[in-house]
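Undergrad: If you scroll down you'll find the structure; I have some questions about it.
The values are calculated or read from the model by the stated rules, or taken from the named source; none is laboratory data. Because the structure is a prediction, the values reported are computed rather than measured. Cβ placement follows ideal geometry from the backbone for every residue including glycine, while neighbour counts extend to all protein chains displayed. Only protein heavy atoms, including side chains, enter the accessible area calculation; ligands, DNA and RNA are left aside. Shrake-Rupley method; radii C 1.70, N 1.55, O 1.52, S 1.80 Å.
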Amino acid sequence: MTRSDLVEELAARFGQLTHRDAEYAVKAILDAMGEALVRGHRIEIRGFGSFSINRRPPRLGRNPRSGESVQIPEKRVPHFKPGKALREAVDKRTEEMAAHDK
């Protein structure tokens with residue numbers, strides 16, 4: 001699902017929202033989530049999952065072209081951990097699709 005798919009779904013589900021309002025709503029939510037992660041906060045959406053920042057320590061890597069060693073600096077990267085309800089729903093749906101394909 002892309003961002004525009006999400007906007008379309010939101011506008012379709014809530015008839016009182018115009019397409020532009022749905023677009024602003026999606027943008028506002030994603031911007032707020034991005035800002036929270038940039039500030040180092042954790043985001044938890046019950047039943048869906050949580051977003052947090054993981055630290056990747058500095059390490060020694062290799063340039064694949066020349067083979068020389070390269071120092072890779074520390075990074076902070078976003079991490080998503082699905083909630084129990086989402087994991088179970090995906091698992092159940094996967095089982096149903098596998099049974100249907102047989």
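Undergrad: Suppose we filter segment 52-92 for residues that are over 29 Å from A36 (Cβ atoms) and open to solvent by 70 Å² or more (accessible area, probe 1.4 Å); how many remain? Please lay out each step first, then the result.
TA: Pass one, segment 52-92, residues over 29 Å from A36 (Cβ atoms): 60-71, 92.
Checking which are open to solvent by 70 Å² or more (accessible area, probe 1.4 Å) leaves us with 60, 62, 64-66, 68, 71, 92.
Number of matching residues: 8.
Yes or no, residue by residue, for (1) surrounded by 12 or more Cβ atoms within 10 Å (Cβ to Cβ); (2) under 25 Å from K81 (Cβ atoms):
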| site | (1), (2) |
| --- | --- |
| L17 | yes, no |
| Y24 | yes, no |
| I29 | yes, yes |
| A32 | no, yes |
| A36 | yes, yes |
| R39 | no, yes |
| I43 | yes, yes |
| G49 | yes, yes |
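Undergrad: Then there is this: Can you list the strands (runs of 3 or more DSSP E) found entirely within segment 1-73 that contain at least 2 residues being among the aliphatic types (A, V, I, L, M)?
TA: Numbers: elements: 43-45, 49-56, 59-62, 69-72.
Once the strands (runs of 3 or more DSSP E) in segment 1-73 are filtered for at least 2 residues that are among the aliphatic types (A, V, I, L, M), what remains is 43-45, 69-72.
Undergrad: Now for a separate question. May I ask you to say which residue of E35, E44, E74 is at pLDDT 95 or above and touching a Ser or Thr at 6+ places or on another chain (Cβ under 7 Å)? Don't jump to the end; show me each part of the working.
TA: Working: E35 fails: touching a Ser or Thr at 6+ places or on another chain (Cβ under 7 Å); E74 fails: touching a Ser or Thr at 6+ places or on another chain (Cβ under 7 Å).
From the options E35, E44, E74, the qualifying one is E44.
Undergrad: Would you be able to tell me the number of residues in segment 1-15 that are surrounded by 14 or more Cβ atoms within 10 Å (Cβ to Cβ) and under 14 Å from the mean Cα position of the chain (by Cα)?
TA: Step one: of segment 1-15, the residues surrounded by 14 or more Cβ atoms within 10 Å (Cβ to Cβ) are 6-8, 10-11.
Next, from what is left, pick out any that are under 14 Å from the mean Cα position of the chain (by Cα): 6.
Number of matching residues: 1.
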